[in-house]
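The values are calculated or read from the model by the stated rules, or taken from the named source; none is laboratory data. Please read these numbers as outputs of a predicted model, since none were measured by experiment. Using ideal geometry, Cβ is built from the backbone for each residue, glycine included, and neighbour counts are taken over all protein chains shown.
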Amino acid sequence: MTAREEVLARIRTALGDGGGAPDEAPRAYRTSAGLGRPALIGLLTERLHDYGTSVRRCAPDEVPAAVRQALADRGARRVVLPAGLDLTGPGGGPGGDGPGGGLDGVTLIGDDDLSPAALDAADGVVTTAALAIAETGTIVLDGGPGQGRRALSLIPDYHLCIVRTGQIVGIVPEALGRLDPGRPQTWISGPSATSDIELDRVQGVHGPRTLEVILAGP
């Protein structure tokens, strides 16, 4: 039986009188990368670098300081912060407005349903993530606390994303097992980019031109 005949036979069975159900497709794909945390961190970092994404490492309690340094290096002074992201702690300060306490010299703008024009006028956005996939170098956001609505990671030109090392999985099936399919997911593999018919690569067409990741944890 050819592959075409097999597919058509399964369709006929599914549309028939219910006398028989098609066999389940074999599932021989990998369900785990089988890597320890150090290997996952190394692989994710390598993939992110391949996409042109900058990666910073820090301890969990050094996240505010790492964010502050990243924004200073970028020259970002007005940054959007989603609800649920707390940047108080070492490196944080009272200088900003909005949620999270603030960072010295940076105005933090809380997302109170900001318009696309207001998001575009900001210097960038800081978010957390739902998880990261090492093998594909993908960051996944699902709108949870600290992540905000999808527009936050699509409109500002600069996206600084905080990923905890414990959120890194090896491959896509592991990610799907952790994610809630009912939540609005955004999968990000490097800065937004596309190519025209002449294969000229342009960044920033469908989202931020610059993606930077802070990996927090051991």
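Computed values, structure above
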quantity	calculated
Some residue of region 155-162 being touching a residue at least 60 places away in the same chain (Cβ under 8 Å) and more than 14 Å from Leu215 (Cβ to Cβ)	yes
The lone exception for Ile168 - which of (1) touching a His at 6+ places or on another chain (Cβ under 7 Å); (2) at pLDDT 95 or above it fails	(1)
